[in-house]
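A quick write-up on the structure given underneath.
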Amino acid sequence: MLAIKTILHPTDFSEQSEYAFQLASSLASDYQAQLVIVHVVQSSIVFGDGLVVSATDYQDDLKEELLELEVPNEQVKVARQLEEGKPAAEILQLARLSHADLIVMGTHGRRGRNRLLMGSVAEEVMRDATCPVLVVRTPLATVPVNQSGRRTEELV
């Protein structure tokens, strides 16, 4: 069995990140691992009309959003981080600093031109991480089980 003591979950608070958070929480509970939740915000964003929005303008809101992510199992140790910089670089650095055994993150699954224009944080993290990366794109299917823990539906 793979020894998993620390799971890193990067979030952008999207629906896909929520799916990954559910899985990361479940794995942390199953492995009795610490869960490190991180959100990385760009230092500042410049809009086409010259408007500059600084990360400090909404840092309190982001901290609050991080605190609202509740792990169902109260026994799981949780650390929350709000970082500033390039998302992939900050995620990789935190993975090294926290000695993450696994990174569980969501992806938007963009393709074609959208992927080229937007880039892919998940792809960059997968390429450069020193630990396994589990990328979640869709919700986990809920399959009914009977009392013995076996599936009650046939696979189609």
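The values are calculated or read from the model by the stated rules, or taken from the named source; none is laboratory data. Since we're looking at a predicted model, the values are computed, not measured. Counting neighbours? That spans all protein chains shown, and the Cβs are built from the backbone with ideal geometry, glycine included.
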Only residues that are assigned to a helix (DSSP H, G or I) and surrounded by fewer than 19 Cβ atoms within 10 Å (Cβ to Cβ): list them for region 63-93, please. Lys63, Glu64, Glu65, Leu66, Leu67, Glu68, Ala89, Gln93
Scan of region 1-22 for residues that are surrounded by 14 or more Cβ atoms within 10 Å (Cβ to Cβ) and among the polar types (S, T, N, Q), ordered by number: Thr6, Thr11, Gln16, Ser17, Gln22
Any hit, region 103-114, residues being over 12 Å from the mean Cα position of the chain (by Cα) and modelled with pLDDT of 95 or more: no
Please go through (1) part of a helix (DSSP H, G or I); (2) modelled with pLDDT under 90; (3) more than 16 Å from the chain's Cα centre (by Cα) for Val53 and return the number of the only condition it doesn't satisfy. (1)
Residue satisfying all of: in region 66-100; among the acidic types (Asp, Glu) and closer than 14 Å to Leu8 by Cβ; modelled with the lowest pLDDT among these: Glu83
